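Step one of this worksheet: look at the structure below.
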Amino acid sequence: MERQCISSGKPTEAAIGYSRAVRVGPHIWVAGTTGPLPPEHPDAPGDAYAQAKHAIRIIEKGLAEAGATLDDVVRTRVFLTDIDRDADAVGRAHLEAFGNAMPASAFIGCTSLVGGESVLEIEAEAYVDSGCC
C-alpha cells in the first residue's frame with residue numbers, strides 16, 4: 001500500500017521528523033494538534049473552547065488533504081493541561097465537530113504541552129472505506 005505523508009509546512013515537522021497526517025490505505029492518522037491562538041485574538045491565551053475549535057480546524061484540513069472528513073474519524077485523544085477546568089468546554093467543541101462520527105475517545109490530563117500557551121492537544125485517527133489514495 002502506498003504511504004501518503006501530509007505536511008502543514010511548519011519547520012518543526014522537518015526538525016523533529018513527523019507529518020501533520022499520514023494515510024496508508026483507508027487508515028489516516030493525524031498528529032497531535034494544539035490550538036494556541038495569536039496573542040491579539042480575543043480568546044487568547046487560555047480559552048480552551050476556542051483552542052479546541054482552532055485545533056479541530058487544523059485537523060480537518062489535514063484530513064481533507066488525505067481524502068477524509070471529520071465524519072470519518074474513528075478515534076480521538078485529547079490531552080488537557082487542566083482537565084478539571086477545561087474538560088467541559090473542550091468536550092463541547094469535540095461534540096460539535098465529531099458528534100456525527102461518535103469516535104472512540106479519551107480525555108487525558110497532562111502537566112504540560114509543547115507550544116507555550118496551549119492548554120490542549122488533540123490526536124485523530126480516521127478510516128475511509130474507499131481504498132487507497
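Please work out the average accessible area per residue across the chain, using the 1.4 Å probe convention, and give it in Å². Each step should come with its number before you reach the end.
Values: 7080 Å² over 133 residues.
Per-residue accessible area for the chain comes out at 53 Å².
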Original post:
Given the options Ala14, Ala48, Ala87, which has the most mean-square fluctuation in a GNM of the chain, springs set between C-alpha atoms less than 10 angstrom apart?
Top reply: Ala14
Subject >> Orientation-averaged projected area, Cα convex hull of the chain (nm²) >> reply: 8.1 nm²
**OP:** Just need the relative contact order of the chain here, percent rounded to a whole number, with Cα pairs under 8 Å and 6+ apart.
**Re:** 34 percent
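Roll a 1.4 angstrom probe over the protein heavy atoms and tell me the percent of accessible area of the chain that is carbon or sulfur. Kindly include the intermediate steps, with their values, before the conclusion.
Numbers: 3790 of 7080 Å².
Carbon and sulfur atoms account for 54 percent of the accessible area of the chain.
The values are calculated or read from the model by the stated rules, or taken from the named source; none is laboratory data. Everything numeric in this text was worked out from a predicted model, so none of it was measured. Side chains included, ligands, DNA and RNA excluded: accessible areas come from the protein's heavy atoms. Shrake-Rupley method; radii C 1.70, N 1.55, O 1.52, S 1.80 Å.
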